[in-house]
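Asks: This structure is in structure tokens; I'll ask about it shortly.
The values are calculated or read from the model by the stated rules, or taken from the named source; none is laboratory data. Note that the coordinates shown come from a computational prediction; the quantities given were computed from them, not determined experimentally. All Cβ positions, glycine included, derive from the backbone under ideal geometry; neighbour counts span all protein chains shown.
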Amino acid sequence: MIERIGFRWRLVGLLAAVLVIVALPYLATRSSAEDALNSRDWVTHTADVKGSVYRMAASLRSSEAAVYARLAGAPNNADLDERAVAPRKLVPGLLASLREMTRDNPEQVARIGALESLANGRMALTDQALQRLRANDRDGAFASMEDARNLFPIREQIKEVLDEETRLLDNRRSQARNLATNNRAVLLVAALAQITLLAIVVVVSERQIASRLRAESRVADAVQRSQLIVQAVREPIAMLDRNLQTLLVNTAFAELYGFDPERDQKIPLGKIGNGAWTDTALLQRLTDVIVRDRELWDYELTQRTVDGIDRFVVINARRIEQPDSVDPALLLTVSDITARALVEQKVNELNRQLEGKFEQLSDVNRELEAFSYSVSHDLRAPLRHISGFAGKLESQLGDKVDDRSRHYIDVIRSSSRRMAQLIDDLLVFSRLGRGALRLQPVDMQSLVDEARALVETDASGRHIEWRIAPMPIVVGDENMLRTVWQNLLGNAVKYTSNRDRALIEVLLARSPAGDYEFTVRDNGAGFDMQYAGKLFGVFQRLHRASEFPGNGIGLANVRRIIARHGGRTWAEGETDVGATFHFSLPASDLTAARTGDT
């Protein structure tokens, strides 16, 4: 109890120190960042105020210069007139902006007000001078301009506004420097705290190492006790390696199958118990457990043990990680359920469940057939009507049809054909999910060559370089896998149509679990990986139909076919660089024989 309380206080102290070390630099850095942003904002504010004042002064000077030019005998033109009246359009807006920017400074607002009065006076006298010029009263116009210069001196007022902004900016910069000095002091304190915490961590670590050594000793004792418990359990238990050879068995397993732990070491499971473990299906399932990290639950098997009795057993297995090895192990448990009444009851229950699921599956198939019939017939009839009546409309119009009407009719026809094609593709997609798999050995090399020959007929005249690796024989539905290759190679040819030299690669690899991974790579248009999740959806497209034709159903068919074969599909790509599509299929003995794998 005392150690636990001491540990809690040490943990609280450590957390407090970490909080100080993290919080102080964070607050100092955040304060510095905010001060920098404020300084930048005030510099920008001062520049905006000064810029507005300078623009107003320049506009007034330009206006007055234009009037004096007219007085000096310059010819009348639109540019001088525009310059003369420009302040009336520009100055009010600039003054309003200045009032808004300086509203937090009453003194500056007052200066802006005085500046506004002077500017309005000068503009009024300038307008008066222009009116006298239009009346050919040059002397009067000159007098008005002189009055504007003498009665409304604006230069000193502008200087006061600008000096005030400069003074405010200097004050704010001084405050920012003071805050920066304080932040540096805080960072120095945080650095000292970090050094102190590091020293504390070193001391605590040394203590923890000693404590861990004691804990490891206790763990070793616990492991020994666990082994004693396993040996005392009356249910047969065995631990096997990757090759299904024994690593550890308990006493119950040794007695049931005649296994001598002291004499028999690393014995294959199939050689234990005088043929009790020679069931091929069971050995394959156990291999799947250790290789693919699956689990085997309640596998029923009849075994004749060394005592000559036929026993009905239930076998469970799962993969476990060994603490002293990188290779996993298989934990196997055997339960004797020889009582025939329990077995027959379970079989009957399973049969009833199977009959119920068969009826459910039949209902689903009937509903899908009805849906397919509705799509095939009920939706096609309106499309035929649309297309047919579009043709009749064109015939009825005859020579009276103009280009726009002909365009509309063509759009109706092409849309009808596209809708019909979408219906066909949807029906194909639906049938792929319902039809039974006709499993047989399939030569993937022949399917690739066939698909390549088919897509090359549509790409005559193009330069396509093919790099195709040797393909294996797999177990699957030949027609469905043919569809997979035709879609993937067809897409590769289609999306490299904008390349002078297209490169298409078909590759083969093995996954760590032993599955085959097929790859189709091209150097075509590619795609953005953030939209990769849409690639295998029904009618999902990442390119415009005007760029690359298609309905967006091919990759959805590929995913459904591969999923029904127990594999998976994925893709990688980069825009304007190329795309890579992968799919995997479970390996079989035929594939290993074809490629020479062992």
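Asks: Read through the list (1) within 22 Å of A513 (Cα to Cα); (2) part of a strand (DSSP E or B), then give the number of the only condition that I315 fails.
Replies: (1)
Asks: Do we find a residue being under 17 Å from L283 (Cβ atoms), free of Cβ contacts under 8 Å to residues at least 60 places away in the same chain and either part of a helix (DSSP H, G or I) or of a type in the set (D, E) (or both) anywhere in the range 248-255?
Replies: No, the range 248-255 has no match at all.
Asks: One residue is enough: does the range 281-296 have a residue meeting the conditions crowded, with 16+ Cβ neighbours inside 10 Å, at pLDDT 85 or above and not in a helix (DSSP H, G or I)?
Replies: Scanning the range 281-296, I find at least one residue that is crowded, with 16+ Cβ neighbours inside 10 Å, at pLDDT 85 or above and not in a helix (DSSP H, G or I), so the answer is yes.
Asks: Could you tell me whether E165 is surrounded by fewer than 14 Cβ atoms within 10 Å (Cβ to Cβ) and in a helix (DSSP H, G or I)? Working first, answer last.
Replies: Details: surrounded by fewer than 14 Cβ atoms within 10 Å (Cβ to Cβ): no; in a helix (DSSP H, G or I): yes.
Here the answer is no, as E165 does not meet what is asked.
Asks: Related question: Before we move on, is T46 in a helix (DSSP H, G or I), modelled with pLDDT of 80 or more and not basic (K, R)?
Replies: Numbers: in a helix (DSSP H, G or I): yes; modelled with pLDDT of 80 or more: yes; not basic (K, R): yes.
Yes.
Asks: For T196, indicate whether it is hydroxyl-bearing (S, T, Y), under 30 Å from R55 (Cβ atoms) and surrounded by 10 or more Cβ atoms within 10 Å (Cβ to Cβ). Spell out the reasoning first.
Replies: Details: hydroxyl-bearing (S, T, Y): yes; under 30 Å from R55 (Cβ atoms): no; surrounded by 10 or more Cβ atoms within 10 Å (Cβ to Cβ): yes.
Against the criterion (hydroxyl-bearing (S, T, Y), under 30 Å from R55 (Cβ atoms) and surrounded by 10 or more Cβ atoms within 10 Å (Cβ to Cβ)), T196 does not qualify.
Asks: In the range 68-80, is there at least one residue being loosely packed, with under 15 Cβ neighbours inside 10 Å, within 25 Å of V161 (Cα to Cα) and assigned by TED's automatic domain parsing to the domain that holds G140?
Replies: Within the range 68-80 (the criterion being loosely packed, with under 15 Cβ neighbours inside 10 Å, within 25 Å of V161 (Cα to Cα) and assigned by TED's automatic domain parsing to the domain that holds G140), the answer is no, since none of the residues qualifies.
Asks: Now for a different question. Which condition number does D241 fail, the rest of (1) crowded, with 16+ Cβ neighbours inside 10 Å; (2) more than 23 Å from S325 (Cα to Cα) being met?
Replies: (2)
Asks: So which residues in the range 485-520 are buried (at least 16 other Cβ atoms within 10 Å of the Cβ), in contact with a His (Cβ under 9 Å, 6 or more places away or on another chain) and of a type outside the set (D, E), if there are any at all?
Replies: The answer is Y495, R499, A502, F518, T519, V520.
Asks: Just to be sure I understand, how many residues within the range 278-294 are in contact (Cβ under 8 Å) with a residue 12 or more places away in the chain and within 23 Å of D307 (Cα to Cα)?
Replies: 3
Asks: Of the residues A129, A114, which single one is of a type in the set (G, A, S) and either within 57 Å of the chain's Cα centre (by Cα) or at pLDDT below 85 (or both)? Explain how you work it out, then say what you get.
Replies: On the way: A114 fails: either within 57 Å of the chain's Cα centre (by Cα) or at pLDDT below 85 (or both).
None of the other options fit; the residue is A129.
Asks: Another question, if that's okay. Out of the residues in the range 300-356 that are farther than 24 Å from D288 by Cβ and of a type in the set (A, V, I, L, M), state the one that is surrounded by the fewest Cβ atoms within 10 Å (Cβ to Cβ).
Replies: By that ranking, first place goes to A341.
Asks: Right, another one. Considering each residue of the range 295-318, count those that are touching a residue at least 12 places away in the same chain (Cβ under 8 Å) and hydroxyl-bearing (S, T, Y), and give that number.
Replies: Matching residues across the range 295-318 total 2.
Asks: If you go through the range 490-513, how many residues are in contact with a strand residue (DSSP E or B) (Cβ under 6 Å, 6 or more places away or on another chain) and free of Cβ contacts under 8 Å to residues at least 24 places away in the same chain?
Replies: Here the count works out to 1.
Asks: Considering only residues that are of a type in the set (K, R) and in a helix (DSSP H, G or I), look in the range 202-247 and name the one that is nearest to D336 (Cα to Cα). Reasoning before the result, please.
Replies: Going through the range 202-247, the residues of a type in the set (K, R) turn out to be 207, 212, 214, 218, 225, 234, 242.
Checking the rest, the ones that are also in a helix (DSSP H, G or I) come to 207, 212, 214, 218, 225.
Working: R207: 51, R212: 42, R214: 42, R218: 35, R225: 26 Å.
My answer is R225.
Asks: Something else now. Being surrounded by 13 or more Cβ atoms within 10 Å (Cβ to Cβ) and either in contact with an Asp or Glu (Cβ under 7 Å, 6 or more places away or on another chain) or not β-branched (V, I, T) (or both): is that true of N136 here? Walk me through how you get there before you give the answer.
Replies: Working: surrounded by 13 or more Cβ atoms within 10 Å (Cβ to Cβ): no; either in contact with an Asp or Glu (Cβ under 7 Å, 6 or more places away or on another chain) or not β-branched (V, I, T) (or both): yes.
Criteria not met by N136.
Asks: For the range 435-453, how many residues are surrounded by 15 or more Cβ atoms within 10 Å (Cβ to Cβ), of a type in the set (A, V, I, L, M, F, W, C) and assigned to a helix (DSSP H, G or I)?
Replies: Within the range 435-453, residues that are surrounded by 15 or more Cβ atoms within 10 Å (Cβ to Cβ), of a type in the set (A, V, I, L, M, F, W, C) and assigned to a helix (DSSP H, G or I) number 4.
Asks: If the requirement is being charged (D, E, K, R) and surrounded by 12 or more Cβ atoms within 10 Å (Cβ to Cβ), which of these qualifies: R225, R214, R172? Show your work before the answer.
Replies: Details: R225 fails: surrounded by 12 or more Cβ atoms within 10 Å (Cβ to Cβ); R214 fails: surrounded by 12 or more Cβ atoms within 10 Å (Cβ to Cβ).
None of the others qualify; the one that does is R172.
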